[in-house]
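What follows is a short report on a single structure.
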Amino acid sequence: MRARDDWADVGKGLAIVGVVLFHGISLAQETPFASPWAAIGQGLFLFIMPVFFLMSGVYGARRLELQWWQFTQTRIWPIAYLFVAWSLVYGMLYWVTDGTFGASLLDSFRLQSTLWFLFALALYWAIAWVMQRLSVPPIVQVAGSALLALPFAVWFPFSAVGLGHSPHFLVWFLTGCCYGTALLSWKRTASWGWVAGSIAAVVLLVGVTRLVPRSGNYVYAMLAVPAVALVLIAARWISATRWMGSAFSTIGRASLVIYLLHPLVQSAISVVINRFGHASSALAAGLPVIDVVIAVPLGLFVARHMSGAPLLFKAPRLGRVRY
């Protein structure tokens, strides 16, 4: 069994803050600072979801040894349940508020809402279990998923959301499942040499786009590798500090609740700014940060005091699990 440490939770904490900020950028799209925020969003998108899926694979791979029913009970069912349950929650809010909050059931089931992440994770677990049973070599799993990811990462329209992202991020999940032990060993020794190498890779790849402009989409897809490496190293250093490590570790453990609630906070801010402010004002340029400042503490509060709410944040058991 791979012992969990603060590094994983700190990494998830960094990622969920990035997710909230990334989605909150839409609040500033009518401001004079829309272009800088868009650039920040492109940088965030390189690592926010890869880190989540990578960590899920690293610390859940041991469950792949379970029989199908046990595996379904412990991995697929809890995630699939939350996808359906919160699709209903979003759908009810969407109906009650006339489209102001949440998302329609059709959008959620077409993977057009932020809930696509849950659908993808449940699907990834099923794929990984089948790969394990077929004894597919790790290198084949990762290389095959990378080849599958490339066209979706390069050509599929971003507006497709989960339809494009689900094939796109499978490679990170399978990398965590197949090479989690090696990754844990690497993170204990990765230091400034890896930082320098990752930054050099970023500079080199960006330079390629200057020489060959048409390579931009391909380069952007590959930039995720050094970006994730830098975030994982940062998570290791942060986890070694007392107050920052504790803060981001706490946020990481509440990341699922924050993920589920943050679109509602974003919608509430949008309502307030449209009613009492002006969406194109310079002040509105800070709304993505305000979104983080509100959504993260709210998620922490709910995770601490309300995460046991029946059927809302935890799936009911499908029977007694034995393994």
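A few comments on the model shown:
- Residue ID - modelled with the highest pLDDT, chosen from residues in the range 136-161 that are β-branched (Val, Ile, Thr) and not in a helix (DSSP H, G or I): VAL136
- The selection criterion, being under 21 Å from TYR59 (Cβ atoms), of a type in the set (A, V, I, L, M, F, W, C) and open to solvent by 30 Å² or more (accessible area, probe 1.4 Å), holds for ILE127.
- If you go through the range 229-247 and keep only what is within 20 Å of the chain's Cα centre (by Cα), among the aliphatic types (A, V, I, L, M) and under 17 Å from SER185 (Cα atoms), you end up with ALA229, LEU230, VAL231, LEU232, ILE233, ALA234, ALA235.
- Within the range 2-43, the set of residues being within 24 Å of PRO167 (Cβ to Cβ), open to solvent by less than 20 Å² (accessible area, probe 1.4 Å) and more than 10 Å from the chain's Cα centre (by Cα) comprises GLY11, GLY41.
- With respect to the conditions (1) open to solvent by 70 Å² or more (accessible area, probe 1.4 Å); (2) modelled with pLDDT of 90 or more; (3) within 20 Å of ALA34 (Cα to Cα), ILE294 falls short on a single one, namely (3).
- Hits in the range 47-74 - residues which are under 30 Å from LYS187 (Cβ atoms) and surrounded by fewer than 21 Cβ atoms within 10 Å (Cβ to Cβ): TYR59, GLY60, ALA61, ARG62, ARG63, LEU64, GLU65, LEU66, GLN70, THR74
- Meeting the requirement of 2 or more residues that are aromatic (Phe, Trp, Tyr) and touching a Phe, Trp or Tyr at 6+ places or on another chain (Cβ under 8 Å), no helices (runs of 4 or more DSSP H) wholly within the range 177-268 can be named.
The values are calculated or read from the model by the stated rules, or taken from the named source; none is laboratory data. Because the structure is a prediction, the values reported are computed rather than measured. Cβ: placed from backbone, ideal geometry, glycine included. Neighbour counts: every protein chain shown. Note: areas computed on protein heavy atoms with side chains; ligands, DNA, RNA excluded. Shrake-Rupley method; radii C 1.70, N 1.55, O 1.52, S 1.80 Å.
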